[in-house]
Ligand SMILES: [Zn+2]
């Protein structure tokens, strides 16, 4: 019986050990279209602060489902001209969703007027709702803000915001979709 158990443990180790390095190599970093399809059938209506499930679509699908302005900002990391977007001085009460996938990214309770001409927020809805990346485009070191669910470019975050976070999430209006919440 004892030998049988040892044999089973040995067999399990022999089969599992080669898998371990593969698990620690991190996520695939390939282009979006390589990760497409698998998560496409998931419901876009995810509630709560749980880690959002990934939405990945081929570039052509994003191009079809977005306006040229939305596509240029969210999928090609563009920036809308200041004082032109729908939300820079907007004061509605509700939640701002990613225009690409509907992920809730910012709430009106953290919005403030930064005077920059872009909607500005002190914090995202949750730590899981967005992700950030180091960005050195334009020869300036900045921190890019992306939707954690579909990797849409939303804007940048700067360390010159008001308390309590001291952060200023400078977000393009065209990357957002406001949904009013009645109190
Ligand atoms: Zn998104």
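All of the numbers you see were taken from the coordinates with simple rules; none came from a lab. What you see is a predicted model, and the numbers here were worked out from it, not measured in a lab. As a convention, Cβ positions derive from the backbone with ideal geometry for all residues, glycine included, and neighbour counts pool all protein chains shown.
Each Cα pair under 8 Å and six or more residues apart adds its sequence gap; the mean of these over the residue count of the stretch 67-181 is a relative contact order of 31 percent.
The length gained by stretching the chain between residue 136 and residue 113 to full extension, at 0.36 nm per residue less their Cα-Cα distance, is 5.7 nm. When 176, 138, 66 are arranged by Cβ crowding within 10 Å, least crowded first, meaning fewest neighbours, the order is 138, 66, 176. Taking a ≥ b ≥ c as the square roots of the eigenvalues of the Cα gyration tensor of the stretch 48-109, is the shape rounded (a/c under 1.5), prolate (a/b larger than b/c) or oblate? It is oblate, given that a/c is not under 1.5 and a/b is not larger than b/c. Residue order for 71, 87, fewest other beta carbons within 10 angstrom first, comes to 71, 87.
When 150, 98 are arranged by Cβ crowding within 10 Å, least crowded first, meaning fewest neighbours, the order is 150, 98. Overall shape: oblate for the stretch 91-183, with the ratio a/c of the largest to smallest alpha carbon gyration tensor axis at 1.5 or above and b/c at least equal to a/b.
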